[in-house]
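> Got a structure for you, written out below as structure tokens; questions coming shortly.
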Ligand SMILES: O=C(CO)[C@H](O)[C@H](O)COP(=O)(O)O
């Protein structure tokens, strides 16, 4: 299972600092949606330039104009770009067209989608590299949020998938047991007193579950 850490910060400077602290332990560096909105796609370019050996994920959360938005993110240096599962099929197909032109990938984010299993299969059929079973920050803040529902849906869908929604050291092994291809971590790392140590522990938790 790959480890994806989200730079859910607001400046390129802070993102470069965090990426430098955690890169050693991470497979995929994500540029969070608020960062891209605050700083623009120059954030993607800066991270890719600093970490050319890492997979760079631009969390565009595109809802329309899939081909155009994916194209500008790939041109900026992204290897993976997210499109919302709630978008029209043509938006996802447009993003996939851009991904194929750049030899890169589209990730379909199922945030806010009611029937995630069905949409995951549809997104994969449209050409998504993988789908993200995701409970967003606002959904996580609601009472009764439980990562278990995402993991069950991921297992059921039988497509390549990532899991995002408050994943931490306490839950990363359950994400791996569910068969996820990627665990996405935001606050557990960027809000930790020592983000590098937290990323190291997460990497170790994955590695020990592999054996
Ligand atoms: O895309 C996001 C929010 O929309 C976050 O990057 C994702 O949810 C991971 O962060 P956290 O682990 O804090 O939930």
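All of the numbers you see were taken from the coordinates with simple rules; none came from a lab. Predicted model only: the values in this text are computed from it and were never measured. Glycine gets a Cβ as well: all are built from the backbone with ideal geometry, and neighbour counts include every protein chain shown.
> For the stretch 24-98, take the alpha-carbon Rg, divide it by the Kirkwood Rh, and send me Rg/Rh.
0.98
> Further, regarding this structure: Restricting to Cα pairs below 8 Å that are 6+ residues apart, what does the relative contact order work out to for the stretch 1-155? Please round to a whole percent.
Across the stretch 1-155, relative contact order equals 15 percent.
> Among 62, 33, 152, which one shows the highest mean-square fluctuation when the chain is modelled as a Gaussian network with alpha-carbon springs under 10 Å?
Maximum fluctuation in the GNM of the chain, among the listed residues, is at 152.
> Further question on the same structure: Rounded to the nearest 500, what is the chain's calculated 222 nm mean residue ellipticity when only DSSP H runs of at least 4 contribute -39500 (n - 2.57) each, over all residues?
-14000 deg cm²/dmol
> Between residue 68 and residue 141, 0.36 nm times their residue separation minus their Cα-Cα distance comes to what?
Extra length available between residue 68 and residue 141 comes to 23.0 nm.
> Which residue fluctuates most in the GNM of the chain (Cα springs below 10 Å): 101, 199, 78?
Comparing 101, 199, 78 in the GNM, the peak value goes to 101.
> Follow-up question, since we're still on this one. Roughly what would the spin-label model give for residue 17 and residue 170, points 7 Å off Cα along C-beta, in nm?
It is 2.8 nm.
> Within the stretch 115-130, whose backbone N sits under 15 Å from a point 7 Å along Cα→Cβ of residue 152?
So the set is 115-118.
> Anyone know which of 179, 148, 85 comes out most mobile in the 10 Å Cα GNM of the chain?
Result for the chain, Cα springs under 10 Å: 148 fluctuates most.
> After finding the eigenvalues of the alpha carbon gyration tensor for the chain, what semi-axes result from the square roots of 5 times each, listed largest first in whole Å?
The three semi-axes for the chain are 23, 22, 15 Å.
> Taking the alpha-carbon centroid of each part, what is the distance from the stretch 1-20 to the stretch 158-209 in angstrom?
Between the Cα centre of the stretch 1-20 and that of the stretch 158-209, the gap is 14 Å.
> Got a sec? How would 134, 145 order by Cβ neighbour count within 10 Å, fewest to most?
In increasing order of surrounding Cβ atoms, one gets 145, 134.
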